[in-house]
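The structure appears right after this line, and notes come after that.
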Amino acid sequence: MKKCYICGLETHTNKHHVYEGADKSTSDIYGFIVDLCFSCHRRVHDEQEQTLNKQLKKNVQRDFEDKLIESGLTQEEARTVWRQTTIRNYL
Ligand SMILES: [Zn+2]
Ligand SMILES: [Zn+2]
């Protein structure tokens, strides 16, 4: 049992690549993969729910930058590291 990254429910989860398409392999490299419950996973792939998908992309970028800031980087430096992933800026 794992925790769903979006709703926090402890249940059976599936791995979801946060950044897909051309960024899928980058998601693999950086570990931008989250555990999602069935219903949240369906929602992020649902065309009608693009706001949820965008919110997830934002949150994962923020987590990534926050960790760098905690380790001593400035916000600007953290953003520079983000740009190096080649994934577009969602914040
Ligand atoms: Zn969920
Ligand atoms: Zn998925």
T86 being within 16 Å of ligand 1 (Cβ to nearest atom) and hydroxyl-bearing (S, T, Y): no
Test each condition in (1) farther than 13 Å from I87 by Cβ; (2) without any contact (Cβ under 8 Å) to a residue 40 or more places away in the chain; (3) within 12 Å of ligand 2 (Cβ to nearest atom); (4) surrounded by 15 or more Cβ atoms within 10 Å (Cβ to Cβ) for I6 and report the one that comes out false. (2)
Unmet requirement for Q50, which otherwise passes all of (1) under 20 Å from L91 (Cβ atoms); (2) within 15 Å of ligand 2 (Cβ to nearest atom); (3) in contact (Cβ under 8 Å) with a residue 12 or more places away in the chain: (3)
In segment 9-17, is there at least one residue being away from ligand 1 (no atom under 11 Å from the Cβ), assigned to a strand (DSSP E or B), within 13 Å of the chain's Cα centre (by Cα) and surrounded by fewer than 17 Cβ atoms within 10 Å (Cβ to Cβ)? yes
Selection from segment 34-45 of residues in contact with a helix residue (DSSP H, G or I) (Cβ under 6 Å, 6 or more places away or on another chain) and more than 9 Å from ligand 2 (Cβ to nearest atom) yields R43
Residue that is nearest to ligand 1 (Cβ to nearest atom), among those in segment 30-43 that are of a type in the set (A, V, I, L, M, F, W, C), under 18 Å from I87 (Cα atoms) and in contact (Cβ under 8 Å) with a residue 24 or more places away in the chain: V34
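All of the numbers you see were taken from the coordinates with simple rules; none came from a lab. Bear in mind the structure is a predicted one, so any value in this text is a computation, not a measurement. We place every Cβ from the backbone using ideal geometry, glycine too, and count neighbours over all the protein chains shown.
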